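Engineer: For reference, the structure I am asking about is given below.
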Ligand SMILES: C[S@@+](CC[C@H](N)C(=O)[O-])C[C@H]1O[C@@H](n2cnc3c(N)ncnc32)[C@H](O)[C@@H]1O
């Protein structure tokens, strides 16, 4: 009988700190410049499956720390014949830099990330300096980052990270229609993650931010 995936893992525990994520294998039928969307912390991958189904011309990559879910998602993608959908292991605090070449990703989606793991050093931010720097390296010019959460503080921390001095110096800028330091009301991607569906069904607010990226010093496209 298939083992039930664990509900949570602690990404800062010793077992998860050794880098072991593998470079993503791009499906050979897609051209190297095919747009690439990445869901970070995809769990069972509802957003990734829906996006890959709606856009067969795009490469969609779901990354997750729970290996049992990675395996389960891979089998489901094969069963559904979704050749443009790839899943892999990552610890977002440790080894995302091993997964993608520089300038090869068009969109990162960080959807309903787990808020914090408490350590004796205190609370940890979801969007760490490591994650910010890695995304800035792996995005193509004109690429973007999409973060959504049902926890206001998590979305606010993401906003501070991307719109604060470090995010600005790395080349991020707000894509909110109402300007910098504001949340984005609408989901412009046409598909929603499982947690977004649940949050909306409960009548709760989704706190969303979106950032464009261009090399620092360049004019935004
Ligand atoms: C609350 S779920 C959200 C799943 C999905 N994105 C959604 O919106 O429905 C957060 C997911 O992030 C994964 N996760 C948490 N910390 C992670 C890390 N450091 N690296 C990779 N995945 C992580 C968890 O295992 C979990 O599956």
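Engineer: Checking the a/c ratio against 1.5 first, then a/b against b/c, what shape does the Cα gyration tensor give for segment 52-101? It would help to have the intermediate numbers written out before the result.
Structural biologist: Values: a/c = 3.15, a/b = 1.45, b/c = 2.17.
Since a/c reaches 1.5 but b/c is at least a/b, the shape of segment 52-101 is classed as oblate.
Engineer: Throw me the Rg/Rh for the chain, computed over C-alpha atoms with Kirkwood Rh, two decimals.
Structural biologist: 0.94
Engineer: Take peptides 10-17, 106-113, 89-96, 193-200 and line them up by average Cβ neighbours within 10 Å, highest first, as a rough protection proxy.
Structural biologist: Result, highest mean first: 106-113, 89-96, 193-200, 10-17.
Engineer: Something else now. Hey, in the GNM for the chain with a 10 angstrom Cα cutoff, which one of 115, 19, 28 fluctuates hardest?
Structural biologist: So, out of 115, 19, 28, the one fluctuating most is 28.
Engineer: Right, another one. In nm, to one decimal, how far is the residue 9 label point from the residue 156 one, both placed 7 Å along Cα→Cβ?
Structural biologist: 3.2 nm
Engineer: Relative contact order, percent, of segment 36-213 when contacts are C-alpha pairs under 8 Å separated by at least 6 residues? Intermediate results must be reported in sequence, preceding the final value.
Structural biologist: Values: 325 pairs, mean separation 38.6, N = 178.
Worked out over segment 36-213, it gives 22 percent.
Engineer: If you don't mind, another one. Is the C-alpha gyration tensor of segment 160-221 telling us rounded, prolate or oblate? Criteria: a/c under 1.5 is rounded; beyond that, a/b larger than b/c is prolate, otherwise oblate. Don't jump to the answer; show the numbers that get you there.
Structural biologist: Numbers: a/c = 2.73, a/b = 2.29, b/c = 1.20.
Prolate is the answer for segment 160-221, as a/c is 1.5 or above and a/b outweighs b/c.
Engineer: Something else: Sum -39500 (n - 2.57) across every DSSP H segment of at least 4 residues in the chain, then divide by the residue count to get the 222 nm mean residue ellipticity, nearest 500.
Structural biologist: Mean residue ellipticity, 222 nm, calculated: -8000 deg cm²/dmol.
Engineer: Continuing with this model, one more query. For the chain, give the share of DSSP beta bridges that are antiparallel, in percent and rounded to the nearest 5; count only bridges with both residues there.
Structural biologist: 35 percent
Engineer: At 7 Å along Cα-to-Cβ for each site, give me the label-to-label distance between residue 205 and residue 133 in nm.
Structural biologist: 3.4 nm
Engineer: Can I ask one more? By per-residue mean of other Cβ atoms within 10 Å, what is the highest-first order of 185-192, 170-177, 38-45?
Structural biologist: Output ranking for 185-192, 170-177, 38-45: 38-45, 170-177, 185-192.
Engineer: Quick one: check the C-alpha center-to-center distance for segment 6-20 versus segment 157-220, whole angstrom.
Structural biologist: What the calculation gives is 27 Å, centre to centre.
Engineer: Quick one: if you stick a label point 7 Å off each Cα along the C-beta vector at residue 30 and residue 103, how many nm between them?
Structural biologist: Distance between the two pseudo-spin positions: 1.9 nm.
Computed from the coordinates by the stated procedures, all read-outs in this text should not be read as laboratory data. Given the structure is predicted, the values throughout are model-derived calculations rather than measurements. Glycine gets a Cβ as well: all are built from the backbone with ideal geometry, and neighbour counts include every protein chain shown.
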